[in-house]
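Step one of this worksheet: look at the structure below.
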């Protein structure tokens, strides 16, 4: 009887330990509107840093790495690819321009200029159906960029007036 009680106590203790571990891993929830911080950043770094290290920018008591974020890096890649796509477009290499623009689209499919360059290429290649589809897809994405929106609208108007 005593052995059964000890065994039951051990199992309850095990469950209690597991609950404590799980509770320790759970995120701390802060009610909306509560401005009290959950944790504070210590004023001295835990690992001593070398002052004046290139790439680190001091912000108050915290050193923030001065590295481009993933979003900035992908945006600069898209910008470079768009420059190349327009260069190929101006050179009359429309298929090559589309290949580069498609690569940019795989990185960021919400960039309206990608749709503009591809639609322009397909108009030049006399593939009006594809040009119309791309211009129509890019139009809602260009809501904040008036010049791209206007160019996409003009492509749509030109395509629709060329049809019998």
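The values are calculated or read from the model by the stated rules, or taken from the named source; none is laboratory data. Bear in mind the structure is a predicted one, so any value in this text is a computation, not a measurement. All Cβ positions, even for glycine, are placed from backbone atoms using ideal geometry, and neighbour counts span all protein chains on display.
Residues being at pLDDT below 95, assigned to a loop (DSSP other than H, G, I, E, B) and farther than 23 Å from residue 146 by Cβ are represented in region 69-80 by at least one member.
Restricting to region 128-145, and then to whatever is surrounded by fewer than 15 Cβ atoms within 10 Å (Cβ to Cβ) and modelled with pLDDT of 95 or more, can you tell me which residue is farthest from residue 77 (Cα to Cα)? Give the derivation first.
Taking region 128-145 as the starting set, the residues that turn out to be surrounded by fewer than 15 Cβ atoms within 10 Å (Cβ to Cβ) are 129, 140, 143-144.
Then drop every residue that is not modelled with pLDDT of 95 or more, which leaves 129, 140.
On the way: 129: 29, 140: 23 Å.
Residue satisfying both the conditions and the ranking: 129.
Can you confirm whether residue 87 is exposed (fewer than 14 other Cβ atoms within 10 Å of the Cβ), more than 15 Å from the chain's Cα centre (by Cα) and in a helix (DSSP H, G or I)? Criteria met by residue 87.
Return the residue satisfying two criteria in turn: it lies in region 99-110 and is in contact (Cβ under 8 Å) with a residue 24 or more places away in the chain and surrounded by fewer than 23 Cβ atoms within 10 Å (Cβ to Cβ), and of such residues it is nearest to residue 153 (Cα to Cα).
Residues of region 99-110 in contact (Cβ under 8 Å) with a residue 24 or more places away in the chain: 104, 107-108, 110.
Applying the additional criterion that residues be surrounded by fewer than 23 Cβ atoms within 10 Å (Cβ to Cβ) yields 107-108, 110.
Numbers: 107: 24, 108: 21, 110: 17 Å.
Of everything passing the filter in region 99-110, 110 is nearest to residue 153 (Cα to Cα).
Go through (1) within 30 Å of residue 163 (Cβ to Cβ); (2) modelled with pLDDT under 95 one by one and return the number of the condition residue 65 breaks. The single condition residue 65 does not satisfy is (1).
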